[in-house]
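The numbers here are math on the coordinates, done by the rules we state, and not lab data. What you see is a predicted model, and the numbers here were worked out from it, not measured in a lab. Heads up, the Cβs are rebuilt from the backbone with ideal geometry, glycines too, and the neighbour counts pull from every protein chain shown.
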Amino acid sequence: MSNGYFRRCSVTAVDKEQSFLVIGGGFSGSLLATILAKSGFPVTLINRERHPRFAIGESSTPTAGFILKSLVQRFDLQELDPLTKYGLWSRHYPQISCGVKRGFSYFFHQPGSQIQITPSHDFELLVAASQSRETADTHWYRQDVDTFLFAYAASNGVACMSDAALTNAKYNPAGHWEVRLNSTGPLRQFDWIIDASGAGEVMSRLTGSPRRTEAPFVTNTSACYGHFRNVPRYDDLLTDAGMDISDFPFPSDDAAQHHMFNAQWLWSLRFENGISSLGLVTDLNRRNEGDWEEMLNTYPAMATLLQESIPSAATPELRVSGRMQRQARQGCGPNWVALPNTIGFVDPLHSTGIAHSLSGVERLAEIFLYSQDTSADVSAYASAVYKELHFIDRLISGCYKLMPSKRHFEAYCMLYFTAAHNYETQRMESQANRTVPGIFLSDDPQMVDLIEQGFELACRIEASGDWTEPVLFEQQIRNLISPVDRVGLCNPELCSMYASTAVL
């Protein structure tokens, strides 16, 4: 299908005398800094805080696992190989907390309803992403993961600086940056700056690019979130309520668990250290900012789930995001470039953040190590990221449009699972010739057209407000994905229980 965003090079590496400043010591900044340093470049990595520090963006996917595995093999990061699968991680790095993620689970709740499921799973959806606990994906407890990768960068020759912020940056036409850290620090020179600051958008700000007041996405959501202790397993509550969960393809708590409400949903990610990440996401196109107490009062099942929970030390009070969607006006400039999570962010619904960030690490590493026209390839990369964000917005915003109906929502979700599965399969098949497709095949005309057609269907249904014909919509989605559906998605005979969608 895809022609690939780029074809990995095998030419002689470029001049290793170039120096790099990487802004942001999260996982993506630390990984890219490590790769560059191991390849012989002088690299400085700055982080405005000290590790460990609280961060979200915690749920990995098979797509992220494929990319991380590729980075390990391509750039000799063997110490990081255990982070690609839950079984390896739990054995090799038990001190770095994570959670097991077998797939995605969804429970649709009605106001006033108690904890319950139905034999035909009218209000449940489980989609497996791995065949076993051993090969499962993971939730990343970012306090531990980011700390580990920052230290890993230092151990590989990166000059790592904490409590360091870039306060001034001036580009010299001779081809380097003159920068100052922490206002009073000395001037330093770097040939390239890589912005991994996320929402800080440091380089866009320092180079005078005005920040967007509104991101150009259809998705329009906010979140209140935090880390909690004493959150029971939802499967245990179902069993205690007399529900039969024997046909669940995997434990629903070993997943990115979604509790779906009217114009809202709650994420629940469990870590091995007893902490759960919880976040209430609100569709601002349908209602005002979400209220945690209102959720508990409206949905008794959630009140039962959280009745004994207590905030963790990292978040004694809930964090509130405001609108989550953002997009920088610039993704690159003269001798600087941003990673995807700095260029923009859409929404946590499909757990796309880690994979998208890792895809940026992979592409920029290839460019800086092997490109014969770095500036042109950096510009092409940034343009591709903007298109990918638009593509991800289509995958997500259609789900929000159809959230009032479980069956419509479920059918539209199959567009994401189709794109993700085909991307992962194509990566497996392209290993021999090293062609790397765009994330979720966002550069493939057939996949892009498929998603656009599905989005148009979702828009029409939302506009009509007619939720009475889910069978017709399900058939329309099946027809769209049938040329590329390799695992039998959107199959009514499975009663919303998908046991086998994994590539591995």
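Here the peptides 54-65, 297-308, 378-389 are ranked by packing, the mean other Cβ count within 10 Å, and the order with the highest first is 54-65, 378-389, 297-308.
Place a +1 charge on the Cβ of each Lys and Arg in the chain and a -1 charge on the Cβ of each Asp and Glu, then give the dipole magnitude about the Cα centre in debye, rounded to the nearest 20.
1340
Projecting the Cα atoms of Ala151, Leu166, Gln131 onto the dipole axis of the range 130-170, where Lys and Arg carry +1 and Asp and Glu carry -1 at the beta carbon, places Leu166 farthest toward the positive end. Legend: distances between Cα atoms for Lys38/Lys101; Lys38/Lys85; Lys38/Lys69; pairs beyond 28 Å are Lys38/Lys101. Extension gain for the segment Ala199 to Ile310, taken as residue separation times 0.36 nm less the Cα-Cα distance, is 37.1 nm to one decimal. Computed over the chain, the per-residue total of -39500 (n - 2.57) for DSSP H runs of n ≥ 4 gives a 222 nm mean residue ellipticity of -11000 deg cm²/dmol, rounded to 500. Each label was represented as a point 7 Å from its Cα along the Cα-to-Cβ direction; for Arg286 and Ser379 these points are 4.3 nm apart. Each Lys or Arg adds one and each Asp or Glu takes one away; over the other residues whose Cβ falls under 9 Å from the Cβ of Ala55, this sums to 0. Between Asp449 and Asn168, the FRET efficiency estimated from the beta carbon spacing at R0 = 41 angstrom works out to 0.35.
Excluding residues fewer than 8 places away in the same chain, name every one of the aspartates and glutamates whose C-alpha is closer than 14 Å to that of Lys387. Once the sequence-local aspartates and glutamates are set aside, what remains near Lys387 is Asp443, Asp444, Asp449, Glu452. In percent, how large is the relative contact order of the chain, given Cα pairs closer than 8 Å and 6 or more residues apart? That works out to 22 percent. When both the range 15-65 and the range 447-496 are represented by their alpha-carbon centers, they are found 39 Å apart.
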